[in-house]
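The values are calculated or read from the model by the stated rules, or taken from the named source; none is laboratory data. The structure presented is a predicted model; accordingly, all values stated were derived computationally and were not measured. For neighbour counting, all protein chains shown are included, and Cβ atoms are generated from backbone atoms with ideal geometry for every residue, glycine included. Areas reflect the complete protein model, heavy atoms only, side chains present, ligands, DNA and RNA absent. Shrake-Rupley method; radii C 1.70, N 1.55, O 1.52, S 1.80 Å.
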Amino acid sequence: MSAAASPRAARPRVGADAIAGKGWLGAHKWLLLRRLSQLGILALFLAGPWFGLWIVKGNLSSSLTLDVLPLTDPFLLAQSFATGTLPYKEALIGAGIVVAFYLFVGGRVFCSWVCPMNLVTDAAAWLRRRLGLKGGKIPSADTRYWLLGFMLIAAFATGSLVWEWVNPVSMLHRGLIFGFGLAWGIVGGVFLYDLLIATRGWCGHLCPMGAFYSLLGAAALVRVSAAHRSACDDCMDCFAVCPEPQVIRPALKAAGQDHPVILDRNCTNCGRCVDVCGKNVFRITTRFDRSES
């Protein structure tokens, strides 16, 4: 079969129509903003140990900004409670600030705009698409919630923060500061798992941190809307790049709901569907904006 007749060769690259219609920058706007956010936050944490500029002390589990603002991962706090340890007042305040923020913007925003492991899993997803890898053994999306419960039970049973022993986010952070040892194996394992075994397997099916933050996002104000869904030409590019593609169909195809707003708690508000859609079907708005254009 000639290259011209090959279905794979004939199929345009994901986002090609968006690039043609909006230009490269327009078709990558939200992706670039996310990368700026992720790398900027990581740089703030690394500026201290690397350059002695202690703007932020700590890590994504617990930090102090400008010696004034405490921030604490609420999942870490939940584990602390499970161990029977009473957290410090600053930890409670820090967790309260984080919870309030993610209740407003959506819990899974942590996964797409803050978590450095998103860089690793996005790279695996991109390479998987470029190599044309299909199939694999994908666990149930509910597995992450079972793992979330297991980690809290394990913390209760052992009296220790069990998840922090293997947390890839913490491992990546420590690896960048102290050099990769075991951290490299865990981060590399997540990359290879997503690349070779299960597309979006870690973030979409296994990560208990993602499961915890999704619980915070059920009533979030900021949402993605398929407001111009009548223009959809079924190119499937949005499904190809979405880290949680199951959240799109109810809003885009009116499957079980009339309005075009994505209300699923697992939506990460990453904006990739907005970027890659050549028909400008999607936009970022609020949960109360049910209008269609």
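Before moving on, here are some points about what is shown:
- Förster radius 30 Å - calculated FRET efficiency between Ser230 and Lys29 (Cβ-Cβ, nearest 0.05): 0.85
- Adding -39500 (n - 2.57) for every DSSP H run of four residues or longer, then dividing by how many residues the chain holds, sets the calculated 222 nm ellipticity at -15000 deg cm²/dmol.
- Among the protein heavy atoms of the chain, carbon and sulfur supply 68% of the accessible surface, probe 1.4 Å, non-protein parts ignored.
- Per-residue accessible area (protein heavy atoms, 1.4 Å probe) orders Trp24, Trp146 as Trp146, Trp24, starting from the largest.
- Computed about its Cα centre, the charge dipole of the chain is approximately 700 debye, with only Lys, Arg, Asp and Glu carrying charge at their Cβ.
- Segment 81-233 shape via C-alpha gyration tensor axes, a/c threshold 1.5: oblate
- Pairs over the 30 Å Cα-Cα cut-off, from the set Lys29/Lys89; Lys29/Lys137; Lys137/Lys279; Lys22/Lys137; Lys29/Lys253: Lys29/Lys89; Lys29/Lys137; Lys137/Lys279; Lys22/Lys137.
- Excluding ligands, DNA and RNA, the accessible surface per residue across the chain is 50 Å² with a 1.4 Å probe.
- Distance between the C-alpha centres of segment 128-157 and segment 11-38: 28 Å, rounded to the whole angstrom.
- Compared with the dominant Cα axis of the chain, that is its longest principal axis, helix 117-131 is turned about 30°.
- Cysteines in the chain lacking a second Cys C-beta under 4.7 Å: Cys111, Cys115, Cys203, Cys207, Cys232, Cys235, Cys242, Cys267, Cys270, Cys277
- Among Leu71, Leu32, Leu42: highest mean-square fluctuation, GNM of the chain, C-alpha pairs under 10 Å: Leu32
- Crossing angle, helix 29-51 versus the chain [Cα axis fit, 0-90 degrees, rounded to tens]: 20
- Annotation: amide H of Val224 within the under-5 Å range of Ile262, Thr285, sequence separation 5 or more or interchain, hydrogens built in the peptide plane.
- Among Ala18, Thr286, Gly185 the positive-end extreme of the charge dipole of the chain (Cβ point charges): Ala18
- Between the Cα long axis of helix 182-192 and the first principal axis of the chain there is an angle of about 20°, rounded to the nearest 10.
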